[in-house]
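For reference, the structure discussed in these notes is given below.
The values are calculated or read from the model by the stated rules, or taken from the named source; none is laboratory data. For clarity, every value in this text was computed on a predicted model and none was experimentally measured. No Cβ is skipped: glycine too gets one built from the backbone with ideal geometry, and neighbour counts run over all protein chains shown.
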Amino acid sequence: MSDHPSPRAAELGVPAGYYDYPVVKRPVWTWEVPAYFWLGGLAGGAFLVSSAAELFGTDEDRLVARDGFVVAAAAALPCAPLLIKDLGNPQRFHHMLRIFKPLSPMNLGAWTLAAFTPVTLARAAAEAGRAGLLPGPLAAVARLLPRPLMNAAGSVLGAVLAGYSGVLLGATNIPLWAKSKLLGGVFMASAASSGVAAVMMAAARRRAPEKTLHKLSRLGTLATLGELAVLGAFLKQSGRAADPLVKNAFSVPFWAGAVGLGSLVPLVLEQVAGRRTGKFTRSLLTVSAVCSIAGSFCLRWTIFEAGKESAGDQAASFGLSRRTQA
Amino acid sequence: MIDAYRRFMNIEAPPAPQRPKGFFTDTSLCIGCKACEVACKQWNQLPADGNELSGNSYDNTGALGATTWRHVQFVEQAKANNSRVGQRWLMMSDVCKHCANAACLEACPTGALVRTEFGSVYVQQDICNGCGYCVPACPFGVIDRAPKDGHFEAGRAHKCTLCYDRQKDGLEPACAKACPTDSIQFGDIEELQAKARRRLADLRARGETSARLYGMPESTEAAEVGHLNAFFLLLDRPEVYNLPEVPRLPRKTMAQRYAISAVVGLAFAALSAVAFGRRSG
């Protein structure tokens, strides 16, 4: 027992820590936080994909991009209310913006969301104006909006919004969130796959050309494979801190929801759909997209809740803070 | 221009910095009377936490929290066979460490958490919007948010203020004032550190070889959070008192975390560009 944290305690046969009391506090956040991370990621991912389609795609791809911007705006809209609802004093939400302090990921995120939301709304309005959905004077204003500039700004802001949430959770002392440095990568990859899925869902319903649908489907497959790779590395690095996620309290929604429904089912459906054409393909890709989007929420929610559980794990906390990482 | 803005916004100049003050908690002198807990509750008008018995020695407080800013721990070290050899009872009054590099202060997005002119870390209650980010940031599990539906300062973050209000009037904090054995000492941090080194040498000379200081500028636990403005003399390894061996400062790994996230994001952007091919395609 030479590696026992207290030789005296080891000799006496008593526990290493102070009873079984946690070392760190359990986070006070509730469901609004993972819901916001999920929608914010989806919005960022969808905006990025739509911008890429508009910049690099064919004329047909660009029609799909138009719907994508509307999807991004729709997902971004509930983000701020969710974030505000979770505050202890929601009427003081604007205190987030009384200073600019990028050292705090929470502050950086609040500014990013405050900038991203109007950009997505303006970008969606520009599409609505082009489609003739806005009344005369508004459509004239919407036509004046600089689309390439909005695409560039929105893509950067959307990517930050998609990734910072994982960094925010990682920059704490909660064992599951902090042990591995990959959580920001996991959330970014999940935002990418769900963003592609959201655009694909809209495209499939709006009778987009099959060629474009297949491009989105292939991109979705690659994003999902990337997500699985980063997630696997994250779990491997997390070790014992990941027990509440992979073994205990949240293992079922994690494996069945986040991994099975969110990644494996879409991978299979996209493979099947890739070899076919017609109405059946659209249905398959719609189902695949819905699974991917639902799985993306499961991933955020299970990692969030399992992290709260891991806060109660005294040994995992000690493992996080030992000089020689056990 | 800036001066006009300051006048218009009624922004006061910050108080001039004083010599940093803090706590030296010498656990070898603690008798577990909990006078510090009571004095703290009384002075700061903190509500009671209930009447539950933990079954863990005399510790029915459990942990520091939004309404508990001093917490006396009772560590019973005894052999299972009830032999009295080597048996001992360690007591320690835990408190916010007022870290030199405070994780809570760095995490705070509103600027509610500030460093006072006395070197302590303080939550401005009129600024805090209860975002809760300081709670998981603290490596010691000190700061907490009061319940949103509670009666005490609902939905805002709270912790030891190092009796900022008393210090403003030149008084020592309530816990230090109440401590009957001088286990809790308040004063100029450098003087306290010198005192602690002398006390440690004295204890070691008298055979208490497992005594150690926790939170000194030169010790391993200061590697990331810096020295602690509330530091301790312990009689066993830090983990026996639920103190982390090297408390982590989240900022230290933040750049790497952002970089990893950015790499994944850029990879995805590149894939998207390739997936949609050439404009002509």
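A compact table of results
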| quantity | calculated |
| --- | --- |
| Every pair of residues 6+ apart whose Cβ atoms lie under 7 Å, when the first sits in region B:239-260 and is more than 7 Å from chain A (Cβ to nearest Cβ) while the second is β-branched (Val, Ile, Thr) | B:Leu249/B:Val225 |
| Residue list for region B:95-106, filter: surrounded by 24 or more Cβ atoms within 10 Å (Cβ to Cβ) and in a loop (DSSP other than H, G, I, E, B) | B:Cys96, B:Lys97, B:His98, B:Ala102 |
| Only listed residue being at the interface with chain A (Cβ under 9 Å from one of its Cβ atoms) and either touching a Cys at 6+ places or on another chain (Cβ under 6 Å) or free of Cβ contacts under 8 Å to residues at least 12 places away in the same chain (or both), chosen from B:Gly86, B:Gly65 | B:Gly86 |
| Residue count for region B:10-38, restricted to those that are acidic (Asp, Glu) and part of a strand (DSSP E or B) | 1 |
| Helices (runs of 4 or more DSSP H) enclosed by region A:5-116 - at least 1 residues per element that are of a type in the set (Lys, Arg) | A:7-12, A:59-76, A:79-86 |
| Selection within region B:124-151 - charged (D, E, K, R), surrounded by fewer than 20 Cβ atoms within 10 Å (Cβ to Cβ) and within 7 Å of chain A (Cβ to nearest Cβ) | B:Lys148 |
| Qualifying residue in region A:156-167 (condition: more than 18 Å from A:Met188 (Cβ to Cβ) and of a type outside the set (Asp, Glu)) | no |
| Hits in region B:39-75 (condition: polar (S, T, N, Q) and not in a helix (DSSP H, G or I)) | B:Gln45, B:Asn51, B:Ser54, B:Asn56, B:Ser57, B:Asn60, B:Thr61, B:Thr67, B:Thr68, B:Gln73 |
| Test: residue in region B:169-176 that is under 16 Å from the mean Cα position of the chain (by Cα), surrounded by 15 or more Cβ atoms within 10 Å (Cβ to Cβ), within 14 Å of chain A (Cβ to nearest Cβ) and not aliphatic (A, V, I, L, M) | no |
| Verdict on A:Thr286 being closer than 30 Å to A:Lys211 by Cα, surrounded by fewer than 18 Cβ atoms within 10 Å (Cβ to Cβ), out of contact with any Pro (no Cβ under 8 Å at 6 or more places or on another chain) and in contact (Cβ under 8 Å) with a residue 24 or more places away in the chain | no |
| Tally of residues being part of a helix (DSSP H, G or I), in contact with a helix residue (DSSP H, G or I) (Cβ under 7 Å, 6 or more places away or on another chain) and among the small types (Gly, Ala, Ser) across region B:268-278 | 4 |
| Residue count, region B:152-168 (criterion: within 14 Å of another protein chain (Cβ to nearest Cβ) and either more than 16 Å from the chain's Cα centre (by Cα) or at pLDDT below 95 (or both)) | 5 |
| Qualifying residue in region A:37-54 (condition: more than 20 Å from the chain's Cα centre (by Cα) and of a type outside the set (Val, Ile, Thr)) | yes |
| Single residue of region A:103-140 satisfying the filter (hydroxyl-bearing (Ser, Thr, Tyr) and touching a Phe, Trp or Tyr at 6+ places or on another chain (Cβ under 8 Å)) that is farthest from A:Ala162 (Cα to Cα) | A:Ser104 |
| Test: residue in region A:75-87 that is over 28 Å from A:Leu48 (Cα atoms) and within 13 Å of chain B (Cβ to nearest Cβ) | yes |
| Members of region B:88-113 that are β-branched (Val, Ile, Thr) and touching a strand residue (DSSP E or B) at 6+ places or on another chain (Cβ under 9 Å) | B:Val95 |
| Residue check for A:Ala128: in contact (Cβ under 8 Å) with a residue 40 or more places away in the chain and not in a helix (DSSP H, G or I) | no |
| Subset tally (residues that are among the small types (Gly, Ala, Ser), at the interface with chain B (Cβ under 10 Å from one of its Cβ atoms) and over 30 Å from A:Gly312 (Cβ atoms)) for region A:188-228 | 7 |
| Residue satisfying all of: in region A:1-41; at pLDDT below 90, in contact with a strand residue (DSSP E or B) (Cβ under 7 Å, 6 or more places away or on another chain) and not basic (Lys, Arg); surrounded by the most Cβ atoms within 10 Å (Cβ to Cβ) among these | A:Ala9 |
| Residue under evaluation B:Pro109, criteria (1) within 12 Å of chain A (Cβ to nearest Cβ); (2) surrounded by fewer than 21 Cβ atoms within 10 Å (Cβ to Cβ); (3) not small (Gly, Ala, Ser), criterion not met | (2) |
| In region B:25-57, residue surrounded by the most Cβ atoms within 10 Å (Cβ to Cβ) [restricted to those that are at pLDDT 95 or above and farther than 29 Å from B:Arg156 by Cα] | B:Asp26 |
